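Working notes for the structure below.
What follows draws every value from the coordinates through simple rules; no lab data is involved. What you see is a predicted model, and the numbers here were worked out from it, not measured in a lab. Please note: Cβ atoms are built from the backbone with ideal geometry, for glycine as well, and neighbour counts cover all protein chains shown.
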Amino acid sequence: MRDLGWSTARRLIPRTLPAWVLIVLIAVLLVSQTSLFVIMSRDRVASNETVDFYRINERAFWLAKLMTPLSPEERKRISGELTDPTVVLTLSSSPGVALIAASSDPLAELEDILSAQLSRFGIEDVRVRLEEPQLPDATARRAQNPDQTSDVQENLSEIASDFLKSPRYRVSLRFQDDQWLNIVTPVTPTGPLLSPDSLPTYLAVSACVVMIAFWAVWRIAAPYQLLEAAVRRLGDDLNSPPLPEKGGRDFRSAARALNQTQARLQEHFEERELLAAALAHDLRTPLTRMRLRLALLRNSSLKKALAEGIADIEETVESVIGLAKLGANTESMELIDLWSMADAIADEYEEATMEPLKGETPRLICLAPPVALRRSIRNVVENAIKYGHSARLALRHDERHVILAVIDEGPGIGDAEIDRVFKPFIRLEQSRNRETGGSGLGLTIARNLIRKLGGEISLRNNPGGGLEARLILPRPAT
Ligand SMILES: Nc1ncnc2c1ncn2[C@@H]1O[C@H](COP(=O)(O)OP(=O)(O)OP(=O)(O)O)[C@@H](O)[C@H]1O
Ligand SMILES: [Mg+2]
C-alpha cells in the first residue's frame, strides 16, 4: 500500500524544466502575496489603533471641557443625551476602570498624554483599559431601535452592531468634585483585507499573472525543446538539416555547438566510408585475380574449397562496406508496400512462406529506402532459414505501425544472447560453420536502419519453440 502511495506521489512530481519553473514561480508568488497580506493587516491594525487613540483623546478633551463647569446632575443629564451605540457615557462616584495601567502597557502612554492634556481642567486621574466585547443578544439589539426602516438607518445599525462585536476602550476620568466620567468606545473593527467587492479584481489580476508566467515559461522553454528535437533527429539521421542559429544568445551558441558536432560527425563518417571503399577496392582486385587463376585450375575438392573461401571474403567485404555506410544516408526514401516486398522476398526462398492477409486490409505502406529495407528483411529471412530451418512471414498492423513477423522452427537464442546478436560481428557458437557462415553484421545493419526510420526490430523465443523476429515500422501519416 505504501509503495503504491509513493509511486503515485512520484508520478505527480513534475519531470520537466518548464513545469518546475512554473511551480517555483507560483510558489514564490503565493509566499510573497501571503507575507504582503500579513504585513498589510498588521499595518492596518496599527494605524486603526493610532486613529482610535486620537479619537479617544479628542472626545475626552471635548467632554472634559464641556462638563467641567457643570454640576454633577447636569453632567448626568447631558451624558444621557450624548450616549449613542458607539459611545456610552456614564457618571459614577467610583471609577469604571479600577487601576491605572502598568507602565509596560501601551495604554499607559495614552493615560499620560490624557492626564497632561486634561490637567488644565483640573483632571489628573485618567485611566484607560481595553475590554473584551459583551455581546448583547439580537432581540435586545432590535428592541433598542424598534422602528428602523430606511436603508441608511439599517447600514448605521449594522456598523453599530459591528462595533458592539469588537473590543472596546473604557476611559475613566475624575473631575475635581470626585465625580467620575466613564467613556466606553469600541476599537475600530479592522475588517477583512479582501472584501467581496475586491476579491474578483484580485482573482482576475492573479489569473493574469499566472497566465503571463505560463506564456513566459513557454517562450523560454521553446528553444530548448527545439534543441532536444534537433539532438534526437541527429541521432536518427546524421544528415538532417542543421539548426538555424538564431534566437537568444544561449540558444544560438548551443545551436552552433550542435551544428559543429554534426559537421564533425559527418566528416568522421565520410572518412570511414572512404576508408571502407578504398579497402574494398584494394581487396576486390586481388580477389578477382585469384578467381581468374582459380578458373585455370583443374576441378578438385581443393578448387571448390578455395572458391568458397574467396566467396566468404567477398561477402565479408560487402558487409564491411554496408557497416561503414550506416551513418551516411545515400539512398532516397520511397513509399513501399510492405506486403508486396515481403511476399516477393518469400518467393525467393524455397523454405519461406508468406501468411495470407485476412479479410479486407488497407495497403500497408511505410516510408523507407527500398534497397536497404529489402536487404534487412532478406537478412532476417535468411537467418530464419539458416539457423531455424524455415521462415514463415506474417504481416500485421495497428493504427500507427506495420509489423512484419518472421517466425522459424529452430532452436531460438538463449535469453542472455538475444540482445547481444545485434552487436557487430557477434555470431553464436553453434553457427560458426562453413554452411551457415556469415559475418555477424546482418542484424546490426537491420537494427540501425529500422531505428533510423523510427521503428524497432526485436527477437523473442516463441513458447512452442523457434524464434520470432519482429520488424516494426511506422506508417506515414495519411
Ligand atoms: N533465427 C535465428 N535462430 C537462431 N539464431 C539466430 C537466428 N537469427 C540470428 N541468429 C544468431 O544471431 C547471429 C547474428 O545474426 P546476423 O544476421 O547479425 O549475422 P549472421 O547471420 O551470422 O551474418 P550475416 O547476416 O552478416 O551474414 C547469428 O550468427 C546467429 O547465431
Ligand atoms: Mg544474418
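Using R0 = 51 Å, the C-beta based FRET efficiency linking Trp62 and Leu194 works out to 0.90. What is the list of residues in the stretch 451-478 whose amide nitrogen lies under 19 Å from a point 7 angstrom out from the Cα of Arg400, following Cα to Cβ? Under 19 Å, as judged by backbone N against the label point of Arg400, lie 451-458, 471-478 of the stretch 451-478.
Per-peptide packing, taken as the mean over residues of other Cβ atoms within 10 Å, places 343-354, 38-49 in the sequence 343-354, 38-49 from highest down. Relative protection proxy for 408-415, 446-453, from highest mean packing down: 446-453, 408-415 (other beta-carbon atoms within 10 angstrom).
Arranged from highest to lowest average of other beta-carbon atoms within 10 Å per residue, in what order do the peptides 82-90, 377-385, 125-133 appear? Intermediate results must be reported in sequence, preceding the final value.
Details: 82-90: 15.7, 377-385: 22.0, 125-133: 17.4.
Descending packing order for the listed peptides: 377-385, 125-133, 82-90.
Per-residue ellipticity at 222 nm from helix content only, as computed over the chain with -39500 (n - 2.57) for each DSSP H run of at least four residues, stands at -19000 deg cm²/dmol.
One decimal place: the segment Asn239-Arg291 gains 14.9 nm when fully extended, by the rule 0.36 nm per residue minus the C-alpha distance.
In the chain, a dipole from Cβ-located charges (positive for Lys and Arg, negative for Asp and Glu) runs towards its positive end, and of Ala98, Leu66, Pro14 it is Pro14 whose Cα lies farthest in that direction. Computed over the stretch 32-139, the quotient of the alpha carbon radius of gyration and 2.2 N^0.38 Å is 1.31. On full extension, the segment bounded by Ser301 and Thr90 gains 62.3 nm, given 0.36 nm per residue less the C-alpha separation.
When only C-alpha pairs under 8 Å and at least 6 residues apart count, what is the relative contact order of the chain, in percent?
On the way: 559 pairs, mean separation 47.6, N = 478.
Relative contact order for the chain comes out at 10 percent.
Relative to the longest principal axis of the Cα atoms of the chain, the long axis of helix 249-296 makes an angle of roughly 10 degrees. In the stretch 229-311, taking the dipole from charged Cβ atoms about the Cα centre, the farthest positive-side position among Leu258, Ser240, Leu302 is held by Leu302.
Available extension along the chain between Arg44 and Ile321 is 91.4 nm, counting 0.36 nm per residue and deducting the alpha carbon span.
Kindly identify the chain as rounded, prolate or oblate by the Cα gyration tensor criterion: order the square roots of the eigenvalues as a ≥ b ≥ c, call it rounded if a/c is under 1.5, otherwise compare a/b with b/c, prolate if a/b is larger, else oblate. Since a/c reaches 1.5 and a/b is larger than b/c, the shape of the chain is classed as prolate.
In a simple Cβ point-charge model (Lys, Arg +1; Asp, Glu -1; nothing else charged), the stretch 331-474 has a dipole of about 520 debye relative to its Cα centre.
Where the only charges are on Cβ atoms (+1 Lys, Arg; -1 Asp, Glu), what is the dipole of the chain about its Cα centre, to the nearest 20 debye? Could you put the intermediate results ahead of the total?
Numbers: 58 positive and 63 negative charges, 420 e Å.
Here the size comes out at about 2020 debye.
Couplings for the stretch 108-125, taken from phi via the Karplus curve 6.51 cos²θ - 1.76 cosθ + 1.60 with θ = phi - 60°, read 4, 5, 5, 4, 4, 5, 4, 4, 5, 6, 8, 4, 5, 9, x, 9, 10, 9 Hz in order; Gly and Pro are left as x.
Would you kindly calculate the mean projected area, averaged across all directions, of the convex hull enclosing the Cα atoms of the stretch 331-474, in square nanometres? Mean projected area for the stretch 331-474: 8.7 nm², to one decimal. Toward the positive end of the charge dipole of the stretch 331-474, with +1 on the Cβ of Lys and Arg and -1 on the Cβ of Asp and Glu, the farthest Cα among Phe422, Gly359, Val402 is that of Phe422.
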